[in-house]
Amino acid sequence: MSRLKIPDVSWRGCRLSAAFLLAALMAATFLVKPAAAEPAAKPGPSNSPAARAHQPMPLKPLSLFLDLQHRTVLDALKQQATPRPTTPQRTAVPRHTATPSKAPTTPRATTPQRKATPVRPVKRVSRQAPARRAAPRLAATVSGAKTHARSKLSTAQYQCLDNLIRRESGWNHRAANPSSGAYGLMQALPGSKMASAGSDWRTNPVTQIKWGLKYIKQRYGTPCGAWNFWQKNKWY
């Protein structure tokens, strides 16, 4: 058996009902007199129907009012006591999300792979620049010295050089000046200076002409410049 639940009556309704009941009780105590206090009815003309018509009516409306209030309170209590039918809660149905259907993929046509043909190794031919031919070695003679000088100078400059050497040594690569110690075609002073051009400076006219051309270029610029200086000073 289920336990009786106490009805949930609002505090305001209880206060109103209590006030109405208190007011009704007070009115009943002041208006309604007890039966013992009432005087005994005297026989006589007062019990006649005419006399009864003039007597006051008992306070029925008050009792009716109290009954009505009592019934309204009871009805309210019954309504609150009766359990209200509870509507079953609807369970949320999960929505099915429509998954996008994948379109059927058609397999791609695979092209047959071509077999790689073996690559033949290419022999690289090294193209080397042709080696320069070494200049023919000049003979260690006076003619070889003249050939070397002509290859380095113009015709005019060679003529100036020829004039200068004729005055100094007469193209004698062994000419030596006993007083000063000058030696060779160019009459180098001392003759050991020509060792910078080669160790065979005593016997090789080509080595002597090489040193002479370098010396003239550093001191006078050109053979003609050296020849002009010699003409003025009779030495260079």
Those residues of the stretch 161-185 which are farther than 23 Å from ALA139 by Cβ and of a type in the set (Lys, Arg) amount to ARG167
If we keep only residues of the stretch 219-236 that are in a loop (DSSP other than H, G, I, E, B) and touching a residue at least 40 places away in the same chain (Cβ under 8 Å), then the residue farthest from GLN157 (Cα to Cα) is TYR236
The residue that is surrounded by the most Cβ atoms within 10 Å (Cβ to Cβ), considering only those in the stretch 188-218 that are in contact with a strand residue (DSSP E or B) (Cβ under 9 Å, 6 or more places away or on another chain) and assigned to a loop (DSSP other than H, G, I, E, B), is TRP201
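Rule-based calculations on the coordinates, nothing more; no lab input. Small disclaimer: the values here were computed from a predicted structure and weren't measured. Virtual Cβ from ideal backbone geometry, glycine too; neighbours counted across all protein chains shown.
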